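The values are calculated or read from the model by the stated rules, or taken from the named source; none is laboratory data. Fair warning: this is a prediction, and the values are worked out from it, not measured in the lab. Because the Cβ atoms are built from the backbone with ideal geometry, glycine has one as well, and the counts that use them run over all protein chains shown. In case anyone asks, the SASA skips ligands and DNA or RNA and just uses the protein heavy atoms, side chains included. Shrake-Rupley method; radii C 1.70, N 1.55, O 1.52, S 1.80 Å.
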Amino acid sequence: MNPVTQVSFDDTAVAFSSKSNAELYKMYLLFKSMNNPAFVKVGGTLLNTAINLHLPVKFIIKPTIFNHFCGGETIEECDSAIKELGKYNIGTILDYSVEGEGDEKSFDATRDELLRTIEKAHGNKNIPFSVFKVTGLIDINLLEKVQKKQDLSAAERAAFERGRDRVNAICKHCYDRDVRVFIDAEESWIQETIDNLTYEMMALYNKEKANIYNTYQMYRHDRLDVIKRDFDNAIKGGYYLGAKLVRGAYMEKERKRAQQEGYPSPINPTKQASDDLFNASLRFCVENIDRIAFCNGTHNEASCYLLIELMEQYNIAPNDPRVYFAQLYGMSDNLSYNLAHAGYNVAKYVPYGPVREVMPYLLRRANENTAIAGQSSREFQLIQNEVERRKKQR
(Lines give C-alpha, C1' and ligand atoms only; values in the text may rest on other atoms or scores of the structure.)
Protein backbone atom coordinates (compact mmCIF):
# COMPACT_ATOMS: atom_id res chain seq x y z
CA MET A 1 0.00 0.00 0.00
CA ASN A 2 1.24 3.49 -0.84
CA PRO A 3 2.31 5.05 2.52
CA VAL A 4 0.48 8.27 1.67
CA THR A 5 -2.80 6.35 1.59
CA GLN A 6 -2.13 5.31 5.19
CA VAL A 7 -2.10 8.95 6.32
CA SER A 8 -5.04 11.24 5.70
CA PHE A 9 -4.83 14.81 6.92
CA ASP A 10 -8.62 14.96 6.57
CA ASP A 11 -9.09 12.34 9.32
CA THR A 12 -10.57 14.57 12.02
CA ALA A 13 -11.32 11.64 14.34
CA VAL A 14 -7.57 11.17 14.79
CA ALA A 15 -6.71 14.88 14.56
CA PHE A 16 -8.97 15.83 17.49
CA SER A 17 -8.84 12.54 19.41
CA SER A 18 -7.37 14.32 22.45
CA LYS A 19 -10.22 16.87 22.63
CA SER A 20 -13.42 16.46 24.61
CA ASN A 21 -16.63 17.87 23.12
CA ALA A 22 -16.30 20.95 25.35
CA GLU A 23 -12.66 21.49 24.29
CA LEU A 24 -13.58 21.04 20.64
CA TYR A 25 -16.35 23.65 20.93
CA LYS A 26 -13.90 26.06 22.58
CA MET A 27 -11.56 25.54 19.59
CA TYR A 28 -14.50 26.12 17.27
CA LEU A 29 -15.20 29.54 18.85
CA LEU A 30 -11.50 30.51 18.84
CA PHE A 31 -10.90 29.66 15.19
CA LYS A 32 -14.21 31.16 14.16
CA SER A 33 -12.92 34.42 15.63
CA MET A 34 -9.51 34.07 13.95
CA ASN A 35 -11.24 33.36 10.65
CA ASN A 36 -12.40 36.98 10.75
CA PRO A 37 -9.48 39.29 9.81
CA ALA A 38 -11.27 42.42 11.02
CA PHE A 39 -11.90 40.85 14.43
CA VAL A 40 -8.24 39.79 14.73
CA LYS A 41 -7.02 43.26 13.78
CA VAL A 42 -9.33 45.13 16.14
CA GLY A 43 -8.94 42.56 18.92
CA GLY A 44 -5.15 42.65 18.65
CA THR A 45 -5.11 46.45 18.82
CA LEU A 46 -7.37 46.44 21.89
CA LEU A 47 -5.26 43.79 23.65
CA ASN A 48 -2.05 45.66 22.94
CA THR A 49 -3.58 48.86 24.29
CA ALA A 50 -4.86 47.10 27.41
CA ILE A 51 -1.45 45.55 28.08
CA ASN A 52 0.39 48.86 27.54
CA LEU A 53 -2.02 50.47 30.01
CA HIS A 54 -1.39 47.59 32.45
CA LEU A 55 -5.08 46.72 32.56
CA PRO A 56 -5.96 43.33 34.13
CA VAL A 57 -6.55 41.35 30.91
CA LYS A 58 -4.80 38.14 31.98
CA PHE A 59 -8.07 36.60 33.20
CA ILE A 60 -9.43 36.94 29.64
CA ILE A 61 -6.30 35.93 27.73
CA LYS A 62 -5.03 32.97 29.75
CA PRO A 63 -8.08 30.66 29.51
CA THR A 64 -8.58 31.42 25.80
CA ILE A 65 -5.87 32.22 23.25
CA PHE A 66 -2.98 31.66 25.70
CA ASN A 67 -4.06 28.17 26.77
CA HIS A 68 -4.66 27.16 23.18
CA PHE A 69 -1.28 28.24 21.79
CA CYS A 70 0.96 28.02 24.90
CA GLY A 71 1.85 25.30 27.37
CA GLY A 72 1.89 27.51 30.45
CA GLU A 73 3.65 30.40 32.13
CA THR A 74 6.51 28.24 33.46
CA ILE A 75 8.25 25.00 32.54
CA GLU A 76 6.35 23.27 35.34
CA GLU A 77 3.00 24.52 34.03
CA CYS A 78 3.82 22.87 30.69
CA ASP A 79 3.78 19.40 32.29
CA SER A 80 0.15 18.72 31.42
CA ALA A 81 0.69 19.68 27.75
CA ILE A 82 3.85 17.54 27.59
CA LYS A 83 2.04 14.51 29.04
CA GLU A 84 -1.06 15.01 26.90
CA LEU A 85 0.95 15.23 23.68
CA GLY A 86 3.06 12.29 24.81
CA LYS A 87 -0.04 10.10 25.11
CA TYR A 88 -0.42 10.44 21.35
CA ASN A 89 3.32 9.93 20.63
CA ILE A 90 3.89 13.61 19.92
CA GLY A 91 7.00 15.22 21.36
CA THR A 92 7.25 18.67 22.93
CA ILE A 93 9.78 21.36 22.06
CA LEU A 94 9.72 23.81 24.97
CA ASP A 95 9.98 27.26 23.41
CA TYR A 96 10.72 30.06 25.87
CA SER A 97 8.87 32.83 24.05
CA VAL A 98 9.69 35.86 26.18
CA GLU A 99 11.29 38.66 24.18
CA GLY A 100 14.08 39.95 26.41
CA GLU A 101 15.07 43.50 27.31
CA GLY A 102 18.25 43.34 25.23
CA ASP A 103 20.72 43.91 28.09
CA GLU A 104 23.34 41.64 29.64
CA LYS A 105 21.18 40.77 32.63
CA SER A 106 18.33 39.75 30.34
CA PHE A 107 20.67 37.67 28.14
CA ASP A 108 22.01 35.82 31.18
CA ALA A 109 18.49 35.20 32.45
CA THR A 110 17.46 33.77 29.07
CA ARG A 111 20.53 31.51 29.02
CA ASP A 112 19.69 30.21 32.49
CA GLU A 113 16.07 29.55 31.51
CA LEU A 114 17.19 27.68 28.39
CA LEU A 115 19.52 25.55 30.49
CA ARG A 116 16.48 24.62 32.59
CA THR A 117 14.59 23.52 29.47
CA ILE A 118 17.53 21.26 28.58
CA GLU A 119 17.50 19.73 32.07
CA LYS A 120 13.77 19.13 31.62
CA ALA A 121 14.41 17.40 28.29
CA HIS A 122 17.26 15.23 29.56
CA GLY A 123 16.10 11.62 29.65
CA ASN A 124 12.52 12.60 28.79
CA LYS A 125 11.35 10.77 25.65
CA ASN A 126 8.49 13.28 25.34
CA ILE A 127 10.90 16.22 24.83
CA PRO A 128 13.12 15.37 21.84
CA PHE A 129 14.52 18.89 21.19
CA SER A 130 15.32 22.21 22.81
CA VAL A 131 15.27 25.48 20.88
CA PHE A 132 16.56 29.03 21.19
CA LYS A 133 16.98 32.30 19.32
CA VAL A 134 20.44 33.86 19.30
CA THR A 135 18.86 37.32 19.73
CA GLY A 136 17.80 36.16 23.19
CA LEU A 137 21.51 35.89 24.06
CA ILE A 138 23.29 38.60 22.01
CA ASP A 139 22.26 42.16 21.14
CA ILE A 140 20.68 42.30 17.67
CA ASN A 141 22.57 45.46 16.73
CA LEU A 142 25.86 43.76 17.58
CA LEU A 143 24.92 40.75 15.44
CA GLU A 144 24.23 43.11 12.53
CA LYS A 145 27.47 44.99 13.03
CA VAL A 146 29.45 41.73 12.98
CA GLN A 147 27.66 40.66 9.79
CA LYS A 148 28.54 43.96 8.12
CA LYS A 149 32.17 43.38 9.20
CA GLN A 150 32.26 46.76 10.90
CA ASP A 151 34.96 47.53 13.43
CA LEU A 152 33.96 46.70 16.97
CA SER A 153 35.06 48.60 20.04
CA ALA A 154 36.76 46.68 22.83
CA ALA A 155 33.50 46.72 24.79
CA GLU A 156 31.57 45.41 21.78
CA ARG A 157 34.09 42.62 21.18
CA ALA A 158 33.79 41.62 24.82
CA ALA A 159 29.99 41.68 24.61
CA PHE A 160 30.04 39.49 21.50
CA GLU A 161 32.35 37.00 23.19
CA ARG A 162 30.03 36.84 26.18
CA GLY A 163 27.19 36.12 23.75
CA ARG A 164 29.20 33.38 22.05
CA ASP A 165 29.91 31.90 25.47
CA ARG A 166 26.17 31.81 26.21
CA VAL A 167 25.49 30.02 22.91
CA ASN A 168 28.28 27.57 23.67
CA ALA A 169 27.04 26.96 27.22
CA ILE A 170 23.62 25.96 25.85
CA CYS A 171 25.00 23.77 23.05
CA LYS A 172 27.52 22.08 25.33
CA HIS A 173 24.79 21.36 27.90
CA CYS A 174 22.69 19.82 25.13
CA TYR A 175 25.64 17.67 24.08
CA ASP A 176 26.38 16.62 27.66
CA ARG A 177 22.71 15.81 28.33
CA ASP A 178 22.11 14.15 24.94
CA VAL A 179 19.43 16.67 23.95
CA ARG A 180 19.21 17.94 20.37
CA VAL A 181 18.72 21.67 19.86
CA PHE A 182 17.32 23.88 17.11
CA ILE A 183 18.95 27.28 16.65
CA ASP A 184 16.15 29.37 15.14
CA ALA A 185 16.52 31.47 11.99
CA GLU A 186 16.03 35.22 12.17
CA GLU A 187 16.27 38.24 9.86
CA SER A 188 18.64 38.11 6.87
CA TRP A 189 20.72 41.05 8.10
CA ILE A 190 21.83 39.03 11.15
CA GLN A 191 21.41 35.49 9.82
CA GLU A 192 24.98 35.09 8.55
CA THR A 193 26.33 35.86 12.03
CA ILE A 194 23.89 33.34 13.52
CA ASP A 195 24.87 30.77 10.89
CA ASN A 196 28.57 31.16 11.64
CA LEU A 197 27.99 30.69 15.38
CA THR A 198 25.91 27.60 14.58
CA TYR A 199 28.64 26.12 12.37
CA GLU A 200 31.12 26.59 15.22
CA MET A 201 28.79 24.66 17.51
CA MET A 202 28.23 21.89 14.93
CA ALA A 203 31.99 21.43 14.49
CA LEU A 204 32.29 21.01 18.26
CA TYR A 205 29.23 18.90 19.06
CA ASN A 206 28.08 17.09 15.89
CA LYS A 207 31.05 14.74 15.51
CA GLU A 208 29.10 11.55 16.37
CA LYS A 209 25.60 12.63 15.28
CA ALA A 210 23.57 15.78 14.68
CA ASN A 211 22.96 17.44 18.06
CA ILE A 212 22.94 21.06 16.84
CA TYR A 213 20.49 22.02 14.07
CA ASN A 214 20.59 25.17 11.97
CA THR A 215 17.29 26.57 10.65
CA TYR A 216 16.80 27.41 6.97
CA GLN A 217 14.01 29.77 5.90
CA MET A 218 13.11 28.51 2.45
CA TYR A 219 11.28 31.66 1.38
CA ARG A 220 14.82 32.98 0.85
CA HIS A 221 15.85 32.15 -2.71
CA ASP A 222 19.44 31.17 -1.84
CA ARG A 223 18.77 28.72 1.00
CA LEU A 224 19.08 25.44 -0.94
CA ASP A 225 22.49 26.58 -2.16
CA VAL A 226 23.38 27.39 1.45
CA ILE A 227 22.25 23.94 2.64
CA LYS A 228 24.40 22.30 -0.06
CA ARG A 229 27.37 24.45 0.93
CA ASP A 230 26.85 23.65 4.62
CA PHE A 231 26.60 19.94 3.80
CA ASP A 232 29.92 20.04 1.91
CA ASN A 233 31.55 21.93 4.78
CA ALA A 234 30.22 19.38 7.29
CA ILE A 235 31.70 16.53 5.25
CA LYS A 236 35.05 18.34 5.04
CA GLY A 237 34.91 19.19 8.75
CA GLY A 238 34.06 15.65 9.82
CA TYR A 239 30.72 16.43 11.47
CA TYR A 240 27.03 15.83 10.80
CA LEU A 241 24.69 18.53 9.51
CA GLY A 242 21.52 19.21 11.48
CA ALA A 243 18.89 21.08 9.44
CA LYS A 244 15.44 22.37 10.28
CA LEU A 245 13.52 23.43 7.19
CA VAL A 246 10.83 26.11 7.52
CA ARG A 247 9.22 28.45 5.02
CA GLY A 248 9.97 31.52 7.15
CA ALA A 249 8.62 34.15 9.48
CA TYR A 250 9.89 37.59 8.45
CA MET A 251 8.74 38.01 4.85
CA GLU A 252 7.01 41.39 5.06
CA LYS A 253 9.79 42.85 7.17
CA GLU A 254 12.42 41.52 4.74
CA ARG A 255 10.75 42.95 1.64
CA LYS A 256 10.11 46.31 3.28
CA ARG A 257 13.71 46.70 4.44
CA ALA A 258 15.10 45.65 1.03
CA GLN A 259 12.92 48.27 -0.64
CA GLN A 260 13.83 50.98 1.86
CA GLU A 261 17.57 50.33 1.64
CA GLY A 262 17.67 49.65 -2.08
CA TYR A 263 19.05 46.11 -2.21
CA PRO A 264 17.54 43.05 -3.95
CA SER A 265 14.95 41.27 -1.85
CA PRO A 266 16.21 37.94 -0.47
CA ILE A 267 12.65 36.56 -0.71
CA ASN A 268 11.39 34.30 -3.50
CA PRO A 269 9.19 36.16 -6.01
CA THR A 270 6.21 33.81 -5.52
CA LYS A 271 4.82 31.37 -2.99
CA GLN A 272 5.18 28.61 -5.57
CA ALA A 273 8.91 29.33 -5.81
CA SER A 274 9.19 28.97 -2.02
CA ASP A 275 7.21 25.73 -2.10
CA ASP A 276 9.41 24.34 -4.88
CA LEU A 277 12.58 25.29 -3.02
CA PHE A 278 11.30 23.79 0.21
CA ASN A 279 10.43 20.51 -1.48
CA ALA A 280 13.75 20.39 -3.35
CA SER A 281 15.50 20.83 0.00
CA LEU A 282 13.53 17.93 1.48
CA ARG A 283 14.72 15.77 -1.40
CA PHE A 284 18.33 16.85 -0.87
CA CYS A 285 18.16 16.00 2.84
CA VAL A 286 16.60 12.59 2.19
CA GLU A 287 19.16 11.80 -0.51
CA ASN A 288 21.96 12.60 1.96
CA ILE A 289 20.39 11.10 5.08
CA ASP A 290 23.61 9.33 6.05
CA ARG A 291 25.16 12.70 6.94
CA ILE A 292 22.10 14.92 7.55
CA ALA A 293 19.47 14.79 10.29
CA PHE A 294 16.58 17.10 9.56
CA CYS A 295 13.22 18.41 10.69
CA ASN A 296 10.37 19.16 8.29
CA GLY A 297 9.00 22.19 10.12
CA THR A 298 5.85 22.94 8.17
CA HIS A 299 2.07 23.29 8.24
CA ASN A 300 1.97 22.55 4.51
CA GLU A 301 0.16 19.29 3.79
CA ALA A 302 1.75 18.76 0.37
CA SER A 303 5.26 18.96 1.84
CA CYS A 304 4.32 16.43 4.52
CA TYR A 305 2.91 14.02 1.95
CA LEU A 306 6.05 14.49 -0.17
CA LEU A 307 8.33 13.59 2.73
CA ILE A 308 6.27 10.47 3.46
CA GLU A 309 6.73 9.42 -0.19
CA LEU A 310 10.46 10.17 -0.14
CA MET A 311 10.97 8.17 3.06
CA GLU A 312 9.23 5.21 1.45
CA GLN A 313 11.23 5.62 -1.74
CA TYR A 314 14.56 5.66 0.14
CA ASN A 315 13.57 2.92 2.63
CA ILE A 316 13.69 5.25 5.63
CA ALA A 317 11.57 3.93 8.49
CA PRO A 318 8.83 6.29 9.77
CA ASN A 319 10.45 6.34 13.22
CA ASP A 320 14.02 6.93 11.98
CA PRO A 321 15.44 9.38 14.56
CA ARG A 322 17.12 11.43 11.82
CA VAL A 323 13.76 12.61 10.43
CA TYR A 324 11.15 14.67 12.30
CA PHE A 325 7.99 16.55 11.43
CA ALA A 326 7.14 19.62 13.54
CA GLN A 327 4.22 22.00 13.91
CA LEU A 328 3.19 24.71 16.35
CA TYR A 329 1.15 23.86 19.43
CA GLY A 330 -2.52 24.63 18.87
CA MET A 331 -2.23 24.53 15.08
CA SER A 332 -2.43 21.87 12.36
CA ASP A 333 -3.39 19.02 14.67
CA ASN A 334 -4.63 17.23 11.56
CA LEU A 335 -0.96 16.95 10.52
CA SER A 336 0.63 16.24 13.89
CA TYR A 337 -1.83 13.68 15.23
CA ASN A 338 -2.28 11.78 11.95
CA LEU A 339 1.47 11.59 11.33
CA ALA A 340 2.14 10.40 14.87
CA HIS A 341 -0.74 7.91 14.60
CA ALA A 342 0.98 6.44 11.51
CA GLY A 343 4.27 6.05 13.40
CA TYR A 344 6.23 9.09 12.19
CA ASN A 345 8.36 11.22 14.51
CA VAL A 346 6.41 14.37 15.34
CA ALA A 347 7.01 17.24 17.76
CA LYS A 348 5.09 20.39 18.63
CA TYR A 349 6.68 23.74 19.41
CA VAL A 350 5.14 24.54 22.81
CA PRO A 351 5.71 28.21 23.72
CA TYR A 352 5.67 29.24 27.36
CA GLY A 353 6.29 32.29 29.52
CA PRO A 354 4.33 34.87 31.54
CA VAL A 355 1.11 35.89 29.78
CA ARG A 356 2.05 39.55 29.43
CA GLU A 357 5.51 38.77 28.01
CA VAL A 358 4.21 36.15 25.56
CA MET A 359 1.51 38.44 24.10
CA PRO A 360 3.67 39.62 21.16
CA TYR A 361 4.06 35.95 20.17
CA LEU A 362 0.32 35.25 20.52
CA LEU A 363 -0.69 38.26 18.44
CA ARG A 364 1.76 37.20 15.71
CA ARG A 365 0.20 33.72 15.73
CA ALA A 366 -3.29 35.15 15.33
CA ASN A 367 -2.20 37.50 12.55
CA GLU A 368 -0.20 34.81 10.72
CA ASN A 369 -3.09 32.39 10.98
CA THR A 370 -5.35 34.99 9.40
CA ALA A 371 -2.81 36.14 6.80
CA ILE A 372 -1.73 32.70 5.51
CA ALA A 373 -4.02 32.03 2.58
CA GLY A 374 -6.64 29.58 3.69
CA GLN A 375 -4.84 28.51 6.90
CA SER A 376 -7.46 29.72 9.34
CA SER A 377 -10.30 28.64 7.05
CA ARG A 378 -8.77 25.17 6.73
CA GLU A 379 -8.39 24.80 10.50
CA PHE A 380 -11.92 26.06 11.09
CA GLN A 381 -13.37 23.74 8.46
CA LEU A 382 -11.67 20.70 10.01
CA ILE A 383 -13.04 21.59 13.44
CA GLN A 384 -16.52 22.02 11.94
CA ASN A 385 -16.19 18.62 10.24
CA GLU A 386 -15.32 16.96 13.54
CA VAL A 387 -18.19 18.68 15.35
CA GLU A 388 -20.58 17.34 12.69
CA ARG A 389 -19.03 13.88 12.80
CA ARG A 390 -19.53 13.66 16.56
CA LYS A 391 -23.12 14.89 16.29
CA LYS A 392 -23.91 12.04 13.90
CA GLN A 393 -22.41 9.50 16.31
CA ARG A 394 -24.60 10.57 19.20
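Within the stretch 344-352, does at least one residue satisfy the condition of being open to solvent by 10 Å² or more (accessible area, probe 1.4 Å) and touching a helix residue (DSSP H, G or I) at 6+ places or on another chain (Cβ under 7 Å)? No, the stretch 344-352 contains no residue that is open to solvent by 10 Å² or more (accessible area, probe 1.4 Å) and touching a helix residue (DSSP H, G or I) at 6+ places or on another chain (Cβ under 7 Å).
When the residues of the stretch 200-245 are narrowed to those that are touching a Gly at 6+ places or on another chain (Cβ under 8 Å) and over 24 Å from SER265 (Cα atoms), which ends up most open to solvent (accessible area, probe 1.4 Å)? Once the filter is applied, the top-ranked residue is LYS207.
Scanning the stretch 61-103 for residues that are open to solvent by 20 Å² or more (accessible area, probe 1.4 Å), touching a helix residue (DSSP H, G or I) at 6+ places or on another chain (Cβ under 6 Å) and of a type in the set (Gly, Ala, Ser) yields one hit, GLY100. ILE267 - would you say it is within 30 Å of ILE118 (Cα to Cα) and either in contact with a Ser or Thr (Cβ under 9 Å, 6 or more places away or on another chain) or touching a residue at least 60 places away in the same chain (Cβ under 8 Å) (or both)? It is false that ILE267 is within 30 Å of ILE118 (Cα to Cα) and either in contact with a Ser or Thr (Cβ under 9 Å, 6 or more places away or on another chain) or touching a residue at least 60 places away in the same chain (Cβ under 8 Å) (or both).
Among the residues making up the stretch 274-308, those that are free of Cβ contacts under 8 Å to residues at least 40 places away in the same chain and under 19 Å from ALA210 (Cβ atoms) are LEU282, ARG283, VAL286, GLU287, ILE289, ASP290, LEU307. Filtering the stretch 111-132 to residues that are part of a helix (DSSP H, G or I) and either within 16 Å of SER97 (Cβ to Cβ) or not aliphatic (A, V, I, L, M) (or both) leaves ARG111, ASP112, GLU113, LEU114, ARG116, THR117, GLU119, LYS120.
Quick check on the stretch 246-274: of everything there that is open to solvent by less than 20 Å² (accessible area, probe 1.4 Å), in a helix (DSSP H, G or I) and not aliphatic (A, V, I, L, M), which residue is modelled with the lowest pLDDT?
Among those residues, the one meeting the criterion is GLU254.
Every condition in (1) closer than 21 Å to THR215 by Cα; (2) small (Gly, Ala, Ser); (3) at pLDDT 95 or above is met by ALA317 except one, and the failing one is (1). Among the residues of the stretch 214-257, those that are in contact with a Phe, Trp or Tyr (Cβ under 6 Å, 6 or more places away or on another chain) and over 20 Å from CYS304 (Cα atoms) comprise LEU241, MET251.
Taking the criterion of being of a type in the set (Gly, Ala, Ser) and buried (at least 23 other Cβ atoms within 10 Å of the Cβ), the residues of the stretch 104-134 that qualify are ALA121, SER130.
When you scan the stretch 290-302, do you find a residue that is surrounded by 13 or more Cβ atoms within 10 Å (Cβ to Cβ), more than 20 Å from the chain's Cα centre (by Cα) and assigned to a helix (DSSP H, G or I), even just one?
Step one: filter the stretch 290-302 for residues surrounded by 13 or more Cβ atoms within 10 Å (Cβ to Cβ), giving 291-301.
If we keep only those that are more than 20 Å from the chain's Cα centre (by Cα) too, we end up with 291.
With assigned to a helix (DSSP H, G or I) added as a condition, the list becomes none.
The answer is no; no qualifying residue exists.
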